[in-house]
Amino acid sequence: VGQDKVLMKHILADNDIPMANWFWVYANEIDDHKDEVLARVHKLIYPVILKPARTGSSVGIAIAHSDEEYLECFEDARQYDEKVITEKVVKPMVEINCSVLGDAYNCEPSVLEQVGHQSSDELLTFQDKYQGGGKGAKTKGVKSSGSKGAGMASTARIVPAPISDEQTKMIQDLAVKTFRTLGASGVCRIDFMMDQETKRVYVNEINTIPGSLAFYLWTEKGVSFTELMDRLINIALERERRRSRMTFSYDTNLLSTYNESSAKGSKR
Ligand SMILES: Nc1ncnc2c1ncn2[C@@H]1O[C@H](COP(=O)(O)OP(=O)(O)O)[C@@H](O)[C@H]1O
Ligand SMILES: [Mg+2]
């Protein structure tokens, strides 16, 4: 579920977890029903962001400001998945992340990090995330229409995020709710977007195998890397113990109750 943004969003929406307005379509709907798809985009109001359902690291993700850009970005996004998500752009926006460690029975949130942005219309691209934002590093499939593209700020992190205690607590509670709703276990990172004007907070996504296992959010809480590893192993062992007590097959001979003559009789 954590790998497929469409499944993830449906489950979160069903559990009243706040997200930016969105919809998804199969890519071929743009070929057969372009006007209907564009009508749904117009309801969200430009700019919108397009995402293939199952990529990561911003691959195939782009912002569109007009129908022309939308159709261009759509063609790019569909190269990566047959399901394409369209979402309202939150701006001006700050990204705030929270790690959660544990399982559905017992889990706790980390401190929060704020991920810096140079400009509200730019995306953290694959380069920013993994290649230090270097101008020379070109990655196919990463694009931010309408923005300058090259020379983005490398990802600046502020830990703990400089927001109020109430906001911190609210985001931590939402992180735990998201983690449990999706049935996660181990260490995850839940990413949020905060609208800087309205201060409204939206869940963006869960990362079930976060970069660096989000260890830097736990050291801040006094959990060393070694202790994090110990806890991950214990969570996995405990899960296995629970699984081994469960019933996955049910021994029965269904055919033993089958009576040929009555079965034939019932057909008549
Ligand atoms: N609705 C949105 N409004 C503004 N920026 C967004 C929105 N959704 C995503 N982004 C930006 O795009 C980046 C990548 O999107 P995300 O959904 O996290 O995909 P990925 O799985 O590639 O990390 C986010 O980190 C954020 O900077
Ligand atoms: Mg992300």
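Remarks
- Length released on extending from Ala39 to Ser224, taking residue separation times 0.36 nm less the Cα-Cα span: 61.5 nm
- Net +/- balance of residues flanking Ile11 in space, Cβ distance below 14 Å, scoring K and R +1, D and E -1: 0
- Counted by Cβ distance under 9 Å from Val159, the other residues give a net charge of -1, where Lys and Arg count +1 and Asp and Glu count -1.
- Protection proxy ranking, highest mean first, for peptides 229-242, 201-214, 16-29, 93-106: 93-106, 201-214, 16-29, 229-242, where packing is the per-residue count of other beta-carbon atoms within 10 Å, averaged.
- Electrostatic tally near Val203: other residues with Cβ closer than 10 Å to its Cβ, Lys and Arg +1, Asp and Glu -1, net 0.
- Protection proxy ranking of 73-84, 167-178 - average other beta-carbon atoms within 10 Å, highest first: 73-84, 167-178
- Descending Cα extents along the principal axes, segment 154-268, whole Å: 76, 39, 28
- Computed from the Kirkwood radius of its Cα pairs, the Stokes-Einstein diffusion coefficient for segment 21-88 at 37 °C and 0.692 mPa s stands at 287 µm²/s.
Laboratory data are not the source of any read-out in this text; all were calculated from the coordinates shown. Computed from a prediction, not measured in an experiment: that's the story for all the values here. Cβ coordinates were reconstructed from backbone atoms using ideal geometry, including for glycine residues, and neighbour counts include every protein chain displayed.
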